[in-house]
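The values are calculated or read from the model by the stated rules, or taken from the named source; none is laboratory data. Just so it is clear, the model here is predicted, and its values are computed rather than measured. Neighbour counts are summed over all protein chains in view; Cβ atoms, including those assigned to glycine, are modelled from backbone coordinates with ideal geometry. Protein only, heavy atoms only, side chains kept; ligands, DNA and RNA dropped before computing areas. Shrake-Rupley method; radii C 1.70, N 1.55, O 1.52, S 1.80 Å.
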Amino acid sequence: MQPTSLSTFFCPTRLYLGAGAHRNIADIVRKHDCKRLFITIDAALLDSAFYADIRRMLEDDGVALAHYAEIEPDPSAHTVTRAFEACNAHQATLLLAIGGGSTMDVAKAVGILATNGGRIHDYEGIEKFSTPGLPLIAVPTTAGTGSEVSGSCVITDTEANRKMSIRHASLNPAAYAILDPLALRTVPAHVAAHSGMDAFVHAFESFISRQSNLITDAINLQAIALLSANIRPFVANRENLDAGMNMLVGSALAGITFGQTGLGNVHCMARFLGAACHISHGLSNAVCLPVVARFNLAADPAKFARIAAAMDRPVQGLPQLDAARAAVDAIETLCRDLGIPARLRDVGARADMLDELARLSGEAGYNRWNPRQTSQADFRGLFEQAY
């Protein structure tokens with residue numbers, strides 16, 4: 001950020017933090033005088049003790065519940081339509097999402113349709129709706145997307161084979177976010193690793209973004225420190241509630257910032273790699289991260305040096321460039337320790353894909369955020385190095 005740049009910062013979500021924070025849900029529902037609640041939930045959680053506790057609290061208060069659990073990764077507009085029809089039939093006045101980013105994104109989309117009408121396609125883009133959606137309580141069960149606090153939801157148009165981003169900084173974040181490490185205990189290790197790296201990339205790319213500012217910098221450095229220090233123990237043991245709490249907070253902090261700063265080449269490349277290879281968003285980001293980090297270092301070595309310090313590298317007294325290189329080394333070590341595949345070919349990419357991936361990346365317009373100007377030829381070189 002330039003000293004004379006103008007920027008803004010905004011966070012409309014009230015966060016409840018700590019083990020047992022989900023017990024605040026009943027109070028929130030009472031505050032809204034809600035008698036009919038609609039829940040989007042990850043199907044794997046339907047029989048969990050965590051969900052049973054939430055359901056029992058609400059039913060004891062006489063709240064009528066209906067749920068929708070048929071939510072796929074990268075949820076489609078058809079899924080949104082079906083969930084909205086179920087919500088509408090239930091005559092819900094409040095929404096609860098329990099799950100990962102896909103589950104929360106469906107809830108956001110349902111909330112928009114409930115108050116604005118039409119099809120979710122109508123709201124693709126930035127601030128295409130003006131009536132607030134139904135209030136949403138979001139309970140993330142992975143520490144990665146930050147969807148509970150971000151101003152976007154992503155829904156797939158399966159007919160056009162593309163992802164639609166519906167963005168509104170003030171109206172799309174959940175009204176309430178419940179950051180409870182008890183919700184993370186059943187997450188498989190590989191999901192914990194990939195979603196955790198997604199959160200790390202959010203913080204990393206938001207910090208070095210051209211659109212960053214002093215407030216987002218402070219938040220992102222804390223997110224980088226929390227995520228990099230806790231992801232290893234969290235992946236090793238999801239019963240480690242301290243590590244889980246720190247991962248949830250780090251993910252939420254990055255979720256608050258990246259919608260305001262934009263993201264960079266890692267997300268740009270991962271967007272198309274994930275679609276081509278049918279791999280998760282978190283894994284796509286993680287496998288692209290080391291090569292892009294090395295490429296972007298030259299644009300802002302001072303910030304990379306601060307990243308190294310946040311990742312607990314002993315860089316005090318080092319020349320700035322050496323400290324910056326320590327950040328890239330720390331990132332590569334983190335990926336190795338988490339078992340992230342080293343090459344694109346290891347996640348199903350083929351050499352004959354690289355030209356098209358580079359073309360799509362070059363046309364996607366991420367130079368407004370990425371710190372280093374990147375041409376299509378540059379993207380081709382990055383994909384080749386990562387391959």
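Binning the C-alpha pair distances of segment 189-386 at 5 Å intervals from 0 yields a P(r) profile of 1, 9, 17, 21, 21, 17, 10, 3, 1, 0 %, listed from the shortest bin outward.
Accessible surface comparison of LEU297, LEU321, probe 1.4 Å, protein chains only, largest first: the order is LEU321, LEU297.
Need the C-alpha centroid separation for segment 42-86 versus segment 244-283, integer Å. Here the answer is 24 Å between Cα centres.
Distance from the C-alpha centroid of segment 138-187 to that of segment 339-387: 25 Å, rounded to the whole angstrom. Per-residue surface analysis assigns CYS153 an accessible area of about 0 Å², computed on protein heavy atoms at 1.4 Å probe radius. Here segment 29-122 was treated as a single set of alpha-carbon atoms; its pair distances binned every 5 Å from 0 give 2, 14, 27, 24, 19, 9, 4, 1 percent.
Our helix-only sum for the chain, with -39,500 (n - 2.57) per DSSP H run of n ≥ 4 divided by its residues, gives a mean residue ellipticity at 222 nm of -16000 deg cm²/dmol. Overall, the chain carries a charge dipole of about 500 debye about its Cα centre when +1 sits on the Cβ of Lys and Arg and -1 on the Cβ of Asp and Glu, all other atoms neutral. When the inverse distances between all different Cα atoms of the chain are averaged and flipped, the Kirkwood radius reads 21.1 angstrom. Converting phi to 3J(HN,Hα) with the Karplus coefficients 6.51, -1.76 and 1.60 and the offset θ = phi - 60°, segment 312-322 yields 6, 7, x, 10, 4, x, 6, x, 3, 5, 5 Hz in sequence order, with x at every glycine or proline.
For GluC sites (Glu not before Pro), the sites in segment 140-236 that DSSP calls loop and that have at most 13 other Cβ atoms within 10 Å are GLU159. In the elastic network of the chain, a GNM with C-alpha springs shorter than 10 Å, the most mobile of THR40, THR141, THR115 is THR115.
3J(HN,Hα) couplings calculated from phi for segment 135-150 with the Karplus curve 6.51 cos²θ - 1.76 cosθ + 1.60 (θ = phi - 60°) are, in sequence order, x, 10, 9, 10, 10, x, 10, 10, 9, x, 6, x, 4, 4, 10, 7 Hz; Gly and Pro show x.
For segment 16-33, the Karplus equation 6.51 cos²θ - 1.76 cosθ + 1.60, evaluated at θ = phi - 60°, returns couplings of 10, 10, x, 4, x, 4, 5, 6, 6, 4, 4, 5, 5, 4, 4, 4, 8, 6 Hz by residue, with Gly and Pro reported as x.
For the cross-link pairs LYS31/LYS163; LYS35/LYS128; LYS128/LYS163; LYS108/LYS128, the ones whose C-alpha atoms lie over 24 Å apart are LYS31/LYS163; LYS35/LYS128. For the chain, a Gaussian network of Cα nodes joined below 10 Å ranks GLY133, GLY196, GLY348 by mean-square fluctuation, and the top entry is GLY348.
When the chain is treated as a GNM, springs tying every alpha-carbon pair under 10 Å, which of ARG56, ARG271, ARG343 comes out with the largest mean-square fluctuation? In this elastic network of the chain, the residue with the biggest mean-square fluctuation among ARG56, ARG271, ARG343 is ARG56.
Residue separation of ASP337 and SER165 scaled by 0.36 nm, minus their Cα-Cα distance, works out to 58.7 nm of gained length.
Amide hydrogen proximity for HIS67: with H placed 1.01 Å from N in the peptide plane, the residues at 5 or more positions away or on another chain lying under 5 Å are ILE39. Using just the C-alpha positions of segment 277-387 as equal point scatterers, what log10 of I(q)/I(0) does the Debye formula give at each q in 0.21, 0.22 1/Å? Taking Cα atoms of segment 277-387 as identical point scatterers yields -1.18, -1.23.
Magnitude of the charge dipole for segment 98-214, about its Cα centre and with charges confined to Cβ atoms of Lys, Arg (+1) and Asp, Glu (-1), is about 60 debye.
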